[in-house]
Amino acid sequence: MIWWFKARAVPALTASVLATNALGLLMGNTELPVPVLTGQSGTFLVGHLITLLPAVMLLHGMGRGDLRTESVACRPLRLWDAALGSAVAATGAGTATLCYALGADSIALILGRNIAGYVGLALLLFPFFGHRIAAVIVAVVPLLFAATGWTTGGRPEPWAWILYPADSVAAPFITAAIVLAGILVCLTRQRPLRFAV
């Protein structure tokens, strides 16, 4: 367990969750200029992008071990990884919700939701692609959504969940579904595809 704890870089992962929330709250509703390929431009916030950090750190930790060896290990490493991902998602969302309850701006809700969603995507993609390719795919998601996720009215498309406003009712459900799907795939699929490195 100590080896797994060190291999997964749990202290650095925890620090990344807290730093992402703190930095996101300090940056507030700062917008990033992103070219739009379809529809009309909307508001793409720094909080939509920096919330990638905990998911990338989780993937980095999950990729530090030998995936072939871990897939046949006696200990339930995938269960531990799924539990770690769940804890990261819950910590990110919980910290942001607590900050919002204590008077922070509504950006806190977006930060928590997106941290959890990206972690869910990381858990979903890692068993198929490995840590490197999964990290690239997760990093491309917000850029793809920012470029193509807006309707002609400047509102987010239904599938562009990271762009939803803080008061969206659907976004938390979509995020929870992504996290649950990620946990399920992480628990049931043991080996990445052959091309994953």
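The values are calculated or read from the model by the stated rules, or taken from the named source; none is laboratory data. Here the structure is a predicted model, which is why all the values come from computation and not from measurement. All Cβ positions, even for glycine, are placed from backbone atoms using ideal geometry, and neighbour counts span all protein chains on display. Only protein heavy atoms, including side chains, enter the accessible area calculation; ligands, DNA and RNA are left aside. Shrake-Rupley method; radii C 1.70, N 1.55, O 1.52, S 1.80 Å.
When you go through Trp150, Trp161 one by one, which is the residue that is at pLDDT below 90 and under 26 Å from Gly63 (Cβ atoms)?
None of the other options fit; the residue is Trp161.
Test Ala122 against the stated conditions and say whether it is in a loop (DSSP other than H, G, I, E, B) and open to solvent by less than 50 Å² (accessible area, probe 1.4 Å).
When the stated conditions are applied, Ala122 does not pass them.
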Checking Thr43 against (1) touching a Gly at 6+ places or on another chain (Cβ under 9 Å); (2) open to solvent by 40 Å² or more (accessible area, probe 1.4 Å); (3) at pLDDT below 65: exactly one of these is not met. Which one?
(3)
If the requirement is being of a type in the set (Ser, Thr, Tyr), out of contact with any Pro (no Cβ under 7 Å at 6 or more places or on another chain) and not in a helix (DSSP H, G or I), which of these qualifies: Thr175, Thr152?
Thr152
Quick one: Tyr100 ticks every box in (1) more than 14 Å from Pro54 (Cβ to Cβ); (2) under 18 Å from the mean Cα position of the chain (by Cα); (3) of a type in the set (Phe, Trp, Tyr) bar one, so which box is it?
(2)
